[in-house]
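Colleague: Mind looking over this structure? Questions follow.
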Amino acid sequence: MEFLDPPQVTSLENPRGPAPLLRPFEPPLEILHDIFEHAIPPNFLADLSASFSPNSLWCRALRQKLSLLNVCWAWYRVAVPFLYGDVAIRRVYQLGNLLRTLESSDSSHLKDVIKTLNVHCFIPHSFHDSFNMQLIQLFKICPRLTGFSYKSPCYPPSLGTLPPLPPTLTHLELGEDVNLSVLQDALEALSANLVSLSIDSVKTHLNANSYTFPLLESLTFVLGRTALG
């Protein structure tokens with residue numbers, strides 16, 4: 001029997017020491033932004049009125065945004081505007097929680113990220129005053145707020161009055177539980193800047209001739225289940 005020489009083992013070790021670990025490829029932040037923008041469902045497709053179902057598109061989109069924050073620091077910085085750019089208040093206590101977050105030193109930068117505020121919750125009568133005060137405070141500290149929506153998901157009306165709306169608003173959506181005087185004050189203050197306006201259950205005594213909308217591009221009246229736009 002012929003015995004062969006044992007195979008020679010070549011050492012792969014670097015005589016100068018271990019090679020440095022290569023960092024994984026990180027795309028530029030603007031590329032990440034474009035990827036997230038195409039991956040996250042747009043707000044107009046995620047119906048907030050169906051958000052109380054955990055399997056709704058709105059809830060799934062919210063979970064997707066939260067998961068992006070936990071990947072790494074680069075993803076966090078890019079994903080934060082997608083999470084806070086369009087804020088939804090679905091429980092009466094969430095507005096106070098949001099204010100505490102924005103007023104903390106670690107999260108003060110989020111004030112400049114919020115662009116749209118959607119109030120879609122029932123507000124008991126005993127909470128009216130405190131909720132209005134919290135809205136006033138939020139309007140003061142969010143300079144880039146351009147959209148505001150208030151609709152109660154239930155009947156009877158939950159909040160009959162609203163504080164003065166900020167002049168930065170260009171998109172306004174009000175539900176049927178907003179009384180006529182609130183609607184008139186809002187239109188008088190914002191009509192010159194509004195780009196889109198949606199009103200549920202149009203009040204028959206509203207005099208449309210009293211307002212001019214030089215920048216208006218979208219106007220929607222919701223009558224019952226019928227929308228006229």
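Colleague: Sort through P166, P153, P157 and tell me the only one that's assigned to a loop (DSSP other than H, G, I, E, B), surrounded by 14 or more Cβ atoms within 10 Å (Cβ to Cβ), at pLDDT 90 or above and more than 15 Å from the chain's Cα centre (by Cα). If you could, list the steps in order and put the result at the bottom.
Modeller: Numbers: P153 fails: at pLDDT 90 or above; P157 fails: at pLDDT 90 or above.
Just one listed residue meets the conditions, P166.
Colleague: Which of the residues belonging to segment 38-59 are touching a residue at least 12 places away in the same chain (Cβ under 8 Å) and under 29 Å from G175 (Cα atoms)?
Modeller: I40, P41, N43, L45, A46, L48, S49, S51, F52, L57, W58
Colleague: Related question: Within segment 20-54, count every residue that is at pLDDT below 85 and assigned to a helix (DSSP H, G or I).
Modeller: Taking segment 20-54 as the starting set, the residues that turn out to be at pLDDT below 85 are 20-27, 43-54.
Narrowing the set further to residues that are assigned to a helix (DSSP H, G or I) leaves 48-50.
Qualifying residue count for the region: 3.
Colleague: Which ranges mark the helices (runs of 4 or more DSSP H) fully within segment 55-115 that have 1 or more residues being crowded, with 17+ Cβ neighbours inside 10 Å and not assigned by TED's automatic domain parsing to the domain that holds L172? Lay out the reasoning, then the answer.
Modeller: Details: elements: 57-69, 73-84, 94-103.
It comes to 57-69, 73-84.
The values are calculated or read from the model by the stated rules, or taken from the named source; none is laboratory data. The model shown is predicted, which means the values in this text are computed figures rather than measured ones. No Cβ is skipped: glycine too gets one built from the backbone with ideal geometry, and neighbour counts run over all protein chains shown.
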